[in-house]
Amino acid sequence: MGHGWEGVVLKLFRGKDFEFTVTGTEDVTEHYRRLHLTDGGMLALTGVHPTMWVRLWFDHAGKSHQRAYTLVNPDPDSGTFSLEFALHDGRASDWARKAAPGDTIEATLQGTGFETPEPQPSRLLAIGDAAALPALNSLLAALPGVPATIWFETQHAEDHDLDLRLDPALHELHRVERRASGAHLVDEVKAALPALVQDPADVYVWITCDTTTTRALASYVRKELNVPKHRVHALGYWRPEKR
Ligand SMILES: Cc1cc2nc3c(=O)[nH]c(=O)nc-3n(C[C@H](O)[C@H](O)[C@H](O)COP(=O)(O)OP(=O)(O)OC[C@H]3O[C@@H](n4cnc5c(N)ncnc54)[C@H](O)[C@@H]3O)c2cc1C
């Protein structure tokens, strides 16, 4: 299958292509589905890092579109991992809803990476939603012993049942209902952050919400709270309808 211009651009940047095969499915909630897959030899070649993600290729009306998804429990020895899909309107969600054992999907590995914050932060401040759940869980596992405050934006009542892998002794979770296209989350986080950021160079801030929310919070954290660039990871995970 050709990937059109997006594929060409990624190839120029030396993306690696693989084919994954679905081996099992789980409906975690009505709006969240987990697929188990084999990796087509990817992990043995590439290794694994925290919050690792791949670009999956979805066909729609004869065209191919890439969407990013985070690996859950990647295991290079068995060549397996899972993917978790927050379900909504969309090609990737449609594919995930119907996916069954034996189905295959093409993937490109390009752009993913992770740098462990050095020195170790005194506190992790992480903000995300269901699309970011796999990344948040991977991030928490990558920073053992680091106290964390997490804001998790929910779009459905069932999002409360989603499994954040928390250490109750270290991690504090705030679930915030998505209101005003994310503006409510921005307000909640802004109200709480100053008290948690005593020394801006000492914390690590992870922001992976929709693109508008991510931009607003990243700008606030860098400009108003003076957290240095290298202590902020901000990446919009999905593009919301225009406000
Ligand atoms: C590095 C990275 C890792 C990611 N990992 C994951 C992951 O592990 N699991 C996961 O579910 N998502 C993940 N995402 C987000 C995912 O790539 C996007 O949500 C993507 O837009 C979904 O594609 P789609 O074809 O289903 O919908 P699109 O065709 O992109 O969008 C269709 C409609 O759905 C809306 N929409 C898109 N995403 C969401 C959402 N999350 N919530 C509500 N509405 C939405 C759009 O505004 C649009 O109206 C990740 C994104 C990045 C950048």
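Okay, here's what the table says:
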quantity: The one condition in (1) in a helix (DSSP H, G or I); (2) open to solvent by 10 Å² or more (accessible area, probe 1.4 Å) that residue 136 fails to fulfil; calculated: (2)
quantity: Matching residues in region 178-221 - criterion: being surrounded by fewer than 21 Cβ atoms within 10 Å (Cβ to Cβ), assigned to a helix (DSSP H, G or I) and touching a Pro at 6+ places or on another chain (Cβ under 8 Å); calculated: 181, 211, 212
quantity: Qualifying residue in region 32-50 (condition: of a type in the set (A, V, I, L, M, F, W, C), open to solvent by less than 60 Å² (accessible area, probe 1.4 Å) and under 30 Å from residue 196 (Cα atoms)); calculated: no
quantity: In region 82-130, the residues that are surrounded by fewer than 17 Cβ atoms within 10 Å (Cβ to Cβ) and either acidic (Asp, Glu) or in contact with a Pro (Cβ under 9 Å, 6 or more places away or on another chain) (or both); calculated: 89, 94, 103, 114, 115, 116, 118, 122
quantity: All positions within region 109-126 that are within 13 Å of the ligand (Cβ to nearest atom) and either more than 16 Å from the chain's Cα centre (by Cα) or not in a loop (DSSP other than H, G, I, E, B) (or both); calculated: 109
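The values are calculated or read from the model by the stated rules, or taken from the named source; none is laboratory data. From a predicted model like this one, the values you see are computed outputs, not experimental measurements. Note that each Cβ is placed from the backbone with ideal geometry, even for glycine, and that neighbours are counted across all protein chains shown. Side chains are part of the model used for accessible areas, which takes the heavy atoms of the whole protein and leaves out ligands, DNA and RNA. Shrake-Rupley method; radii C 1.70, N 1.55, O 1.52, S 1.80 Å.
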